[in-house]
Structure formats: C-alpha cells, structure tokens
Amino acid sequence: MSHDYICPARGIVRSEPPVAFLMKPCFALILATAFAAFGAGAATNHWKLVWSDEFNTNGAPDPANWNYERGFERNNELQWYQPENARCTNGLLVIEARREHKPNPNFKPNSKNWRTSREWIEYTSASLISRRLREFKYGKFEMRARIDTRPGSWPAFWTLGVAPGIHWPACGEIDIMEFYTGTVLANFGYQLDGQIKWLSKKEPLNRLGDESWPKQFHIWTMEWDEQKIDLLLDGRLMNHLALADADNADQGNPFHRPVYFILNQAIGGNCGGDPSETTFPVRYEVDWVRVYQSSK
C-alpha cells in the first residue's frame, strides 16, 4: 500500500486460503431457514459461504483476518492510521475517526513530502487490510454496514489485486463502496497505456432515500465471475464491468487475479471534504463481511 490514490474523475492517486468463520447469533439458523423456505430456488444461485467475519468477539479485530495500515497513507488525507481506532463491540466492527492533536513521529522540517511535512497529527482513524490473510478469486463479496455521511467523512470497502511485482494501478482496484461529499460511488480502476482508467458510477444521497438513510445499515455486494463484475447497493445494480473490456490493460487483465480487502475510514484530503465543522468521532460500523463462491 505504498501508492497515493487517484480519485475517480478527480485527479490524484490511492496507494498498493480455505477458511473458517464465526457466525452471528442465529446466523446458522437463518441460513437453514432460508434454504428450507426457498428450496431448490435458493440452490440455483450456486453460492456457498466460504468465509466471513461476523465481528462477534469484543476487542481487537481477528488477526487471522486483518492487518493494518499505519501513518499517513494517500490522497493528502488528514487522518493518521493506527490499529487502536478499530475495535469489535456488540457484534460490530467499529472504525472510529477521532479529532486528536499529537506530534507526527515522521516529521521532517522543510520536507516536500506531505506525509513528513506535517508537524502535527490532527485526526486519527484505522484502515484494515486482509492482504496475505484472506485473498479470493471470483465469488460474491458482501458487507453490511452503516456509514457516517457528515462533511469530511470518506469511508470505503475496496479491493486490490494480488500480483507480485505489479503495483497500483496495474494491479486493479474495485471500490465496492466509497462515499464522500454527499455521494456514494462504485468504481473500477486499472492501468491502460500507462494511465489510470476509471469506470465510476455515483449516486447522490438524496436519490437513495430520506434523512434516515445514513442511520440505517445497508448491504454492498460484488458479484464476480470469469465474464463480469457487478457492484450492487441493497440489491440494486450500481456498476458493471465486462472483464473482456480490460483484456488490453497494462501487465494483463487485473480482474482475473485474486484480491484482498481494505476497510478504511478516511477524513478530508483530496475528496473527503472539510471536517472542521463536524463533531467527532466519525464512525464506520460494519456488521459483517462475507465471501461466497460458486458451488458448481
């Protein structure tokens, strides 16, 4: 994760095994009931749950599933990433951005690099990544979460491709969920002829629902097979990619490679907006992340 990130249509850059799962209370019963209710109809979907994190154990997120980014990462964002801003409580993963004031341990006077030119850390948050722990190729990937949509908040649920020696953006990026400045986005990004190519779809909050929408949990989905990727919000298609459209990508089509997840709550920066009038903390609450693969 060493690259900055180019916001879609925005102009700057986002940096680069068989599984067990914990079930939420009654989750197994819900699955069994669903299969009993829908019978053969459910089976025609061919999805088999292969991994999930239900965030049922209070305390730090499961280290078998998640690593962390640390420090200032990309997009001139204001937050300093640190593990202590992520915790599991009451069946939720809570990624909490806080307004804090403490010295930047990497500060260098007269530095031209934005990461080291800041003398002070004014905000902290957390970014969880599943790299080298949970990586998958094809399937249905889902998250149920509630996001903070106030000014300055920039939460995301996204993936990068696993490709040794191939860095962002050639490794491929999929933003299953991204939010900033009143807009929910679903994006694909890859490298073509040495340039980043974005396929971005945006949906203003005021077209998704009334003022209760940010207070509710929503389900973001990626359905991915050898031919296409669909990105959905609450079952409604947000964006679509025919994989053949990326066959001419630099260093090969990145969407035929395994991916890992990133769950992060950014603040401000190139796209996040001005957080100065927002009351902190800002919370990104994740109920679960689940991966299904075809049983065919």
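Each value in this text was obtained by applying a stated rule to the coordinates, not by laboratory testing. The structure presented is a predicted model; accordingly, all values stated were derived computationally and were not measured. Reconstructed Cβ throughout: ideal geometry from the backbone, glycine too, with neighbour counts over all protein chains shown.
General observations
- Label positions at ALA60 and ASP247, each projected 7 Å from the Cα along the C-beta direction, are separated by 4.7 nm.
- A Cβ-based charge dipole, computed about the Cα centre of the stretch 138-179 with Lys and Arg at +1 and Asp and Glu at -1, lands at about 160 debye.
- Amide N of the stretch 58-83 lying under 19 Å from the label point, which is placed 7 angstrom from the Cα of LYS112 along Cα→Cβ: 75-76
- The alpha carbon centroids of the stretch 275-289 and the stretch 128-182 are separated by 17 Å.
- Using a Förster distance of 51 Å, the FRET efficiency for HIS256-SER276 (Cβ separation, nearest 0.05): 0.70
- Rg ratio for the stretch 37-141: its Cα radius of gyration over 2.2 N^0.38 Å, N being its residue count, equals 1.48.
- D by Stokes-Einstein for the stretch 89-136, Kirkwood Rh over Cα pairs, 20 °C, 1.002 mPa s: 159 µm²/s.
- The stretch 91-184: translational diffusion in µm²/s, Stokes-Einstein, Kirkwood Rh over Cα pairs, 25 °C, 0.890 mPa s: 149 µm²/s
- Across the stretch 85-102, computed HN-Hα scalar couplings (Karplus, 6.51 cos²θ - 1.76 cosθ + 1.60, θ = phi - 60°) run 8, 10, 8, 9, 8, 6, x, 10, 8, 10, 9, 10, 8, 10, 8, 9, 9, 8 Hz from first to last residue, x flagging Gly and Pro.
- Cα Rg, Dmax (largest Cα-Cα span) when computed across the stretch 162-237, Å: 14.6, 46
- Measure of compaction for the stretch 56-118 (Cα Rg per 2.2 N^0.38 Å): 1.36
- Across the stretch 49-56, computed HN-Hα scalar couplings (Karplus, 6.51 cos²θ - 1.76 cosθ + 1.60, θ = phi - 60°) run 5, 10, 6, 7, 10, 9, 6, 8 Hz from first to last residue, x flagging Gly and Pro.
- For the stretch 108-248, the square roots of the Cα gyration tensor eigenvalues, ordered a ≥ b ≥ c, give a/c of at least 1.5 with a/b no greater than b/c, which places it in the oblate category.
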